[in-house]
Amino acid sequence: MTFSLPVPAEANDLLNRDPLAVTLGIVLDQQITLEKAFTSPWVLAQRLGHEPTATEIADFDAERLIAIFAEPPALHRFPKAMAVRAQEVCRIIADQYDGEPANLWRDAKTGAELYRRILALPGFGKQKAQIFVALLGKLYDVRPEGWREAAGGYGEEGSYRSVADIVDADSLARVRAYKKQAKAEAKAAKEA
């Protein structure tokens with residue numbers, strides 16, 4: 001499988017070849033559309049004039065990075081907070097994974113270990129960590145033993161719950177329908 005999101009072809013190409021772009025897309029995928037989240041790593045590379053490394057982002061001047069994130073159109077609706085978050089994640093990758101985002105998942109022996117590593121990243125709760133495990137398994141063929149279980153419902157074959165399941169326009173529509181239904185159910189439960 002490869003990324004086939006409704007984003008510019010160049011953004012999909014970057015996601016398909018660059019583990020940092022995928023990681024940053026997942027980091028940014030909250031409170032904005034998934035199209036925006038997964039296009040922003042490509043836009044960041046354009047603004048920098050090259051595809052950045054995790055170490056480069058980790059060492060980047062924080063105020064300059066915030067300014068790059070905030071430059072219109074902003075890379076996220078909360079550019080300051082997400083620039084800080086992206087830099088925090090890159091610092092962990094630089095310090096604990098030799099600056100290589102793929103090392104976060106490359107030698108994970110089990111799905112549970114992969115999930116724990118991802119959950120330890122700044123800004124990753126249970127749901128986001130499970131979605132990242134599912135995305136790695138379904139689109140990147142990162143499948144240590146137990147990865148589907150670690151991904152929870154997002155890892156189920158044939159599910160349409162997250163970016164991990166989007167391969168065409170039909171699957172995008174199914175994911176959107178699932179999210180809409182989940183929001184309605186959560187709202188009804190809250191009101192009950």
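The values are calculated or read from the model by the stated rules, or taken from the named source; none is laboratory data. Everything numeric here is computed off the predicted structure, so don't read it as measured data. Using ideal geometry, Cβ is built from the backbone for each residue, glycine included, and neighbour counts are taken over all protein chains shown. Areas reflect the complete protein model, heavy atoms only, side chains present, ligands, DNA and RNA absent. Shrake-Rupley method; radii C 1.70, N 1.55, O 1.52, S 1.80 Å.
Residues are listed down the side, and each one gets a yes or a no for (1) farther than 24 Å from L14 by Cβ; (2) of a type in the set (V, I, T):
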{"residue": "G137", "(1), (2)": "no, no"}
{"residue": "V142", "(1), (2)": "no, yes"}
{"residue": "A150", "(1), (2)": "yes, no"}
{"residue": "E157", "(1), (2)": "yes, no"}
{"residue": "V163", "(1), (2)": "no, yes"}
{"residue": "D168", "(1), (2)": "no, no"}
{"residue": "A177", "(1), (2)": "yes, no"}
{"residue": "K183", "(1), (2)": "yes, no"}
Please go through the stretch 124-146 and pick out each residue that is more than 15 Å from E156 (Cβ to Cβ) and open to solvent by 40 Å² or more (accessible area, probe 1.4 Å). K126, Y140, D141, E145
Taking the stretch 86-110, which residues are out of contact with any Leu (no Cβ under 7 Å at 6 or more places or on another chain) and either open to solvent by 60 Å² or more (accessible area, probe 1.4 Å) or of a type in the set (F, W, Y) (or both)? E88, R91, D95, Q96, D98, E100, R106, D107, K109
Requiring at least 1 residues that are touching a Gly at 6+ places or on another chain (Cβ under 6 Å), of a type in the set (G, A, S) and open to solvent by less than 60 Å² (accessible area, probe 1.4 Å), the helices (runs of 4 or more DSSP H) wholly within the stretch 1-71 are 34-48, 54-59
When A134 is evaluated against the numbered criteria (1) touching a Gly at 6+ places or on another chain (Cβ under 6 Å); (2) touching a residue at least 40 places away in the same chain (Cβ under 8 Å), which criterion, by number, is the only one it fails? (2)
Result of the Cβ filter at 6 Å on the stretch 143-160, keeping first residues that are more than 12 Å from A108 (Cα to Cα) and partners that are outside any helix (DSSP H, G or I) and not charged (D, E, K, R), at least 6 apart or interchain, is Y154/S162
Among the residues of the stretch 161-179, is any without any contact (Cβ under 8 Å) to a residue 40 or more places away in the chain and not in a helix (DSSP H, G or I)? yes
